[in-house]
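Student: Please find one structure pasted underneath; my questions will follow.
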Amino acid sequence: MKDGRIYRYNIQFPGKTDLEVRAGEFLETLGRRKSAVIIAALNEYLDHHPELLDGSHSKICVSSLSLQDLEGKIQAMIEARLKSIDRTPSPIKAEHPESLSIFDHQETESVSQDVMDMLDDLELFTF
C-alpha cells in the first residue's frame, strides 16, 4: 500500500519448501533492513524480466532448477537431437559424394538453429 511517499507491505509465505525456508531465514537475519535487499532483488529481477512491468501477469513462475541441472537438461536435449539425425548413407549420397558436405552442412545448421532457439527460450533463467 502506498501512503504518500512510503510503501508499506506485509508479506507472508508458508515455509513449506527448502527455498521458502531459506528465504524466510535470510529475511529473519536482516531484521529491520529487509527493504534494501527486497528492493535490490526485485529491481534485478525486473531488469531481466521487463515484460512483467505492464502488470498483465497475474501468476509468475520462477524455476528452482540449479545451473547444473539446467546444463544437464540442455546436454541431454542436444544429444537426443544429434542421435535423431540420420547418418546412414542414402543412395543420393552414395552416388554423389560431393553432395555429402551439403547434407552435413544442412544438418549442422538445423541442429545449430535448434540449440539457438532453445537458448533463446531460456531467457527466463538468469544465473
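Student: Which of the lysines could be linked to Lys83 by a straight reach, that is with a Cα gap under 20 Å, when you skip same-chain ones fewer than 8 residues away?
Tutor: Lys73, Lys93
Student: Report, in whole Å, the centroid distance computed from the Cα atoms of segment 1-28 and segment 35-75.
Tutor: A separation of 16 Å, based on Cα centres.
Student: In the neighborhood of Ile78, defined by Cβ-to-Cβ distances under 13 Å, what is the net charge if each Lys or Arg adds +1 and each Asp or Glu adds -1?
Tutor: My count for the surroundings of Ile78 gives -1.
No value in this document is a laboratory result; all are computed from the given coordinates. Nothing here was measured: the structure is a model prediction, and the numbers come from that model. Positions of Cβ are backbone-derived with ideal geometry, glycine not excepted, and every protein chain shown enters the neighbour counts.
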